[in-house]
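Asker: First the structure, which I've put down as structure tokens, then a few questions once you've had a look.
The values are calculated or read from the model by the stated rules, or taken from the named source; none is laboratory data. In this text the structure is predicted, and so the values were computed from the model without any measurement. All Cβ positions, even for glycine, are placed from backbone atoms using ideal geometry, and neighbour counts span all protein chains on display. Heads up: the accessible areas ignore ligands, DNA and RNA and are worked out on the full protein's heavy atoms, side chains in. Shrake-Rupley method; radii C 1.70, N 1.55, O 1.52, S 1.80 Å.
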Amino acid sequence: MRDFDVFPDTSGGFDFLLDGVFLGDMVADACGERPPYISLLRRSLSGAGLGEQFARLLGLQPGPYYPTRIWLYFCSECFDEGCGGISANITFSDSLVVWSKFSFDSEAEDGEREQELLDEEDQLSAIPDLVFDRQQYEKVLNNLKVELSKPLLPLARFIDSRGLRPRLRKR
């Protein structure tokens, strides 16, 4: 089981921090370069769009094209799933959350079914299934949701208020 958290990233939003490693870095390692995608966990996104993303990450709303497939990173220009991004299957049990089958994705084509979605060349098979404690996962996302709904706080104050000091890996 991995430690789950979020932390400010270089794009001005928040990235998923898993055992002290940004998921974005895991994706870059799997691809050999950093794809041009960003997380929607950011203050600059409209309230409705941000609310939808939190609802999907928390399992309260299905993905836009496939029920358990949720986009984690989006086009940095339009924030739209149809423009491309990186998604994963997100499943929930009473005590666990599992992210699996990471892949580059775009909008579903007519008649496309979920099992047909993952073209071999689009899969990020170097990223293993990621398993999290559900209570920790939900607490982190709900805390960030509350923080992003508040008036803008200086970033340093947010970090200090959460006691965040990530164990970032050295490159």
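Asker: Looking for something open to solvent by less than 70 Å² (accessible area, probe 1.4 Å), on the phi > 0 side of the Ramachandran plot and modelled with pLDDT of 80 or more - is there at least one such residue anywhere in segment 50-61?
Answerer: Filtering segment 50-61 for residues open to solvent by less than 70 Å² (accessible area, probe 1.4 Å) gives 50-51, 53-59, 61.
Retained after the next criterion (residues that are on the phi > 0 side of the Ramachandran plot): 59.
Those left that are additionally modelled with pLDDT of 80 or more: 59.
Scanning segment 50-61 turns up at least one residue that is open to solvent by less than 70 Å² (accessible area, probe 1.4 Å), on the phi > 0 side of the Ramachandran plot and modelled with pLDDT of 80 or more.
Asker: Scan segment 1-21 and report the pairs whose first residue is farther than 18 Å from Ala88 by Cβ and modelled with pLDDT of 90 or more and whose second residue is open to solvent by 30 Å² or more (accessible area, probe 1.4 Å) and in a loop (DSSP other than H, G, I, E, B), with Cβ atoms within less than 8 Å and a gap of 6+ or a chain change.
Answerer: Note: pairs meeting the criteria are Phe7/Pro166; Gly20/Asp3; Gly20/Pro166; Gly20/Arg167; Gly20/Leu168; Gly20/Arg169.
Asker: For segment 16-49, name all the residues that are closer than 18 Å to Pro128 by Cβ and open to solvent by less than 20 Å² (accessible area, probe 1.4 Å).
Answerer: Once the filter is applied, which keeps residues that are closer than 18 Å to Pro128 by Cβ and open to solvent by less than 20 Å² (accessible area, probe 1.4 Å), segment 16-49 yields Phe16, Leu17, Leu18, Gly20, Leu23, Gly24, Val27, Ala28.
Asker: Step by step: first the residues of segment 70-101, then only those that are of a type in the set (Phe, Trp, Tyr) and at pLDDT below 90, then the one that is nearest to Arg134 (Cα to Cα). Which residue is that? So that I can check it myself, show each step before the final result.
Answerer: As a first pass, look at segment 70-101 and keep what is of a type in the set (Phe, Trp, Tyr): 71, 73-74, 79, 92, 99.
With the extra rule that they be at pLDDT below 90, the set shrinks to 71, 73-74, 79.
Working: Trp71: 19, Tyr73: 21, Phe74: 24, Phe79: 27 Å.
For segment 70-101, the residue satisfying everything is Trp71.
Asker: Just to be sure I understand the filter: pairs with C-beta atoms under 6 Å, separated by 6 or more residues or on different chains, first member in segment 89-103 and over 13 Å from Arg2 (Cα atoms) and open to solvent by less than 60 Å² (accessible area, probe 1.4 Å), second member hydrophobic (A, V, I, L, M, F, W, C) and in a strand (DSSP E or B). Which pairs pass?
Answerer: These pairs meet every condition: Ile90/Ile70; Ile90/Trp99; Phe102/Ala88.
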